[in-house]
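The values are calculated or read from the model by the stated rules, or taken from the named source; none is laboratory data. Quick caveat, the model's predicted, so the values are computed rather than measured. Cβ atoms come from the backbone with ideal geometry, glycine included; neighbour counts cover every protein chain shown. The protein model used for the area step is the full one, side chains on, heavy atoms only, and it has no ligands, DNA or RNA in it. Shrake-Rupley method; radii C 1.70, N 1.55, O 1.52, S 1.80 Å.
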Amino acid sequence: MNMRTRLRALRTKAAGALASVVLASAALAGCSSASDSESASSDASSSASAASAVDGTRNAAAVLADNEKTHAEDGDTEYEASEAVDIELKGDSASADGKGVDVDGSTVTITASGTYRLSGSLDDGQIVITAPEATVKLVLDGVDISSSSGSAIAATEAERLVVVLADGSENKLSDTDSYADDAEANAALYSAGDLTIGGSGSLTVKGNGNDAIAGKDGLVVVGGNITVEAADDGIRGKDYLVVNGGTVTVTAKGDGLKSDNADEEDAGYIAVDGGTVSVTASGDAVDAATDLVVTGGKLTVQSEASDDTSAHGLKSGVITVLEGGTVDVNASADALHGDAAVHLNGADVTLAAGDDGIHAEGDLVISEGTLTITGSNEGLEGKDILVRGGTSNVTSDDDGVNASGSEATSQEEGAQGGGFGGGPGGGGGGENVGDYSAKVTGGTLILNSQGDGFDSNGTAEITGGTIVVNGPEMGRNGALDVNGSFTVSGGTLLASGSSGMVVAPDTESAQGWLSATLDSSVEAGTTLHIVDADGKIVASYVTSKTIQNVVYSGESIKSGEEYTVYSGGSTSGTDTGGLAASGKLGDAEKIATVTAGEAPEGGGFGGGGPGGGGDRG
């Protein structure tokens, strides 16, 4: 079994496991037997295993290479006008000047391959294509087609349908307001075979009874100005949906863009590598059963459900890779939701979410590009979070970064007689240490959180990059919160917040660190300097909130040496989340003296040493 097949099998298994969890939870609402609890736990573990099997570091090229190649070819939307069969629509009738066309009242049936140019209107009619194994090219040159009985255009038998929007033309399609449950053609523009839409004209599609545009195989948009409104999904390509160009605007009461083939190992994906796409949906704005890949273009989406329907911005069943272009998401649920993995690898991404900014059941990886989360419940949430490049600025009402999941393979470290947390001055006290990780090896990560700033229900590791945490003002949350080991061996870390639950790196860390709990809080806008024993400023920082604790680690910090915290003076140069490139003491006042590698006393609830972590995950 190849890797892709295995991942698909695992994803299918995960879907079944999640369904089982729902059923088990319902059963447990009525009774709480040990066997019910064990069954639900087993199902959740199965789902977690499936998500963990997906490598979140894969790039766009690798992901797309494992998927079915699109049917689209260069020149698909080109045609010779002299070779086209002209079809004139006349309200309640039509006429054609060539072969391959049958007209019966207001129903026009195309029965052979070729190019057909349509103009005029049908007040209540249809264009039907029954040309098995044929490629049919429809040139829409100013058409307005409405149908009260079904699709406006229905290619029920064709290998491939190419819809060309003629230069300067305006075209409209509208379908019935209801379909039978077993209707084959169930969209205003429907193709049973591959569908390509292009050209430079415009197309407005109203899907009154179901979807607006649907392809039962693959669907590719290469050009045109396309506007759709749908009672359910806006544009759906079962095997794949690819946007290479054009301007696409979707308003849908269901999902906006959708590919829903979860049964084929190389199908069910969505790719955007050009054009301008805008989606407003009451369901998921973009929903890929397997992979979602963005390598170019501009994608702007908004999703908001009026009930408990899923309303994620971008959603994938296997992996989401944002590698180019601009992505802007506003969602009432998660802005980016991955049933397995999410990889930011070069796109310019802006997110606003009612729930998580980015949620991944498995890997959440940031390699390149820019990420701005303007608002969220939790900013970045995933089983294994890796930041290795790029610039990320995250604002959250709860945790900024949260390495966690629905099912932990954990140990009660506090119950094993080995001490709590990650050692003296280390992770959270007396809590389960799950199979989760948060790791920073490069890039810039700025967190502005009301809950915990940098939180892992497992382990945490910093080997490079710059991390600035503007953490919580209230107690029982901390700028840092790590249940297991927490090591720093490189990079720069500055974390500030309340003093009620202070967590610092492990004493075994290769790079020095200090944790200073101040005698009293300092207000937002206060300039702080960390100064070594020789009077050299090693860090300057301007607070954005009221804080009472600062944790700092950088290459200039030496364990066992004494450092002084000053308030006042000035900063200059580049500002990274409040951490300045340089500073001057001026008339600054000394407010604390600390020894690097020693956490302050009285900083938390329990813990493996002085000032150990708090009692929450």
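In terms of packing, defined here as the mean over residues of other Cβ atoms within 10 angstrom, the peptides 65-73, 354-362 line up highest first as 354-362, 65-73.
Based on protein heavy atoms only, the stretch 453-583 ends up with 33 Å² per residue of surface accessible to a 1.4 Å probe.
Taking a ≥ b ≥ c as the square roots of the eigenvalues of the Cα gyration tensor of the stretch 177-265, is the shape rounded (a/c under 1.5), prolate (a/b larger than b/c) or oblate?
Working: a/c = 1.71, a/b = 1.15, b/c = 1.48.
Oblate.
For the chain, the mean projected area of the C-alpha convex hull, equal to one quarter of the hull surface, is 30.5 nm².
Dividing the Cα radius of gyration of the stretch 272-392 by its Kirkwood radius returns 0.93 for Rg/Rh. Backbone geometry of the stretch 584-599 corresponds, through the Karplus equation with coefficients 6.51, -1.76 and 1.60 at θ = phi - 60°, to 3J(HN,Hα) couplings of 10, 6, x, 9, 4, 10, 6, 10, 6, 10, 9, 9, 4, x, 10, 7 Hz, x marking Gly and Pro. Within the straight-line cut-off of under 17 Å between alpha carbons, the aspartates and glutamates reachable from Lys536 are Glu555, Glu561, Glu562, Asp587, Glu589, sequence neighbours fewer than 8 places apart in one chain being disregarded.
Where the accessible area of the stretch 314-406 is counted over protein heavy atoms with a 1.4 Å probe, how much of it, in %, is carbon and sulfur?
37 percent
For the stretch 524-536, the Karplus equation 6.51 cos²θ - 1.76 cosθ + 1.60, evaluated at θ = phi - 60°, returns couplings of 4, x, 7, 8, 10, 10, 9, 10, 7, 5, 8, x, 8 Hz by residue, with Gly and Pro reported as x.
Calculate for the chain the 222 nm mean residue ellipticity that helices alone would give, adding -39,500 (n - 2.57) per DSSP H run of length 4 or more and normalising by residue count, nearest 500 deg cm²/dmol. Don't skip to the end; give the middle numbers.
On the way: 3 runs with 53 residues, N = 617.
That calculation yields -3000 deg cm²/dmol at 222 nm.
Note on Lys172: lysines with a C-alpha under 18 Å away, same-chain residues under 8 apart excluded, are Lys90, Lys137, Lys206. The share of accessible area on the stretch 79-225 that comes from carbon and sulfur is 37 percent, using a 1.4 angstrom probe. With respect to the chain, whose longest principal axis is taken over its alpha-carbon atoms, helix 34-52 is tilted by about 80°. In terms of the mean number of neighbouring beta-carbon atoms within 10 Å, the peptides 475-481, 590-596, 220-226 order highest first as 475-481, 220-226, 590-596. With respect to the chain, whose longest principal axis is taken over its alpha-carbon atoms, helix 3-30 is tilted by about 70°. In the context of the full set of protein chains, the stretch 79-179 has a per residue accessible area of 43 Å² (1.4 Å probe).
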